Amino acid sequence: MKISAIPDDKSILKDGKGLFVYDDNFWSTYSDINAFQIDTEGTSDVELKDGTHREPTQAEIDALSDKWDTTEAAIVDEENAYINSWDRVRESRTFFLRQTDWSVLPDSPLSDTDKTSYETYRQELRDIPSTYSSAQPRDIEFDGNGNVSVNSSTVITHP
């Protein structure tokens, strides 16, 4: 395992993946340290603010590793909660409604048939929360073109 940490930057890099750790209580323990360079299979070093160096303690290695693990787990939990939220679905829906606002304006260059297609598409977008209320929000996906899938089946197609 390799860990680099810079307390003043509130950053920990573990096995090539970096995170910011916004926990002043955690970092206050390391106020006299500039940086940690830890390689559990090689050489490790702690650079102190006075310019001297020492070996990291096992407690420091464990604390940095554990803090990285708990911080990453909290980030993953937060991301998963957002992915499975109706807020995410509504934000995506609103984005595609705004992208198609032009299609329903009186001076839109679309034919009547195409305008009707856009009106239907926009209504289907607005109806997502009620039409698919039994679905988990994480199962509702928007692709980059404005098509909507539920459980990997396309249910709304952008005109």
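Taken together, the values in this text are just the output of simple stated rules run on the coordinates, not laboratory data. Here the structure is a predicted model, which means the values were calculated and not measured. Don't worry about glycine lacking a Cβ; one is built from the backbone with ideal geometry, like all the others, and counts go over all protein chains shown.
With neighbour counts taken as other beta-carbon atoms within 10 Å, the residues W68, W86 rank, fewest first, as W86, W68.
Summary of the geometry: region 116-149 and region 23-101, compared by the centres of their Cα atoms, lie 35 Å apart. Modelled spin labels at D143 and K17, positioned 7 Å past Cα toward Cβ, are 2.8 nm from each other.
Exposed loop sites here are trypsin sites (Lys or Arg not before Pro) assigned a DSSP state other than H, G, I, E or B and surrounded by at most 15 other beta carbons within 10 Å; excluding them, the longest clear run of the chain is 50-159. Counted residue by residue at 0.36 nm each, then reduced by the alpha carbon distance between them, the extension gain from S153 to S134 reaches 5.3 nm.
Listing H158, H53 from fewest to most neighbouring C-beta atoms within 10 Å gives H53, H158.
For region 55-67, 3J(HN,Hα) computed residue by residue from phi via the Karplus equation (6.51, -1.76, 1.60; θ = phi - 60°) reads 7, x, 7, 5, 4, 5, 4, 4, 5, 5, 5, 5, 5 Hz, glycine and proline entered as x.
Computed over Cα pairs, the Kirkwood radius of the chain leads via Stokes-Einstein (1.306 mPa s, 10 °C) to a diffusion coefficient of 81 µm² per second.
Across the chain, C-alpha contacts under 8 Å between residues 6 or more apart give a mean separation that, scaled by the residue count, equals a relative contact order of 14 percent. Taking every Cα-Cα distance in region 86-156 and sorting them into 5 Å bins starting at zero, the pair-distance distribution P(r) comes out as 3, 17, 27, 24, 15, 9, 5, 1 percent.
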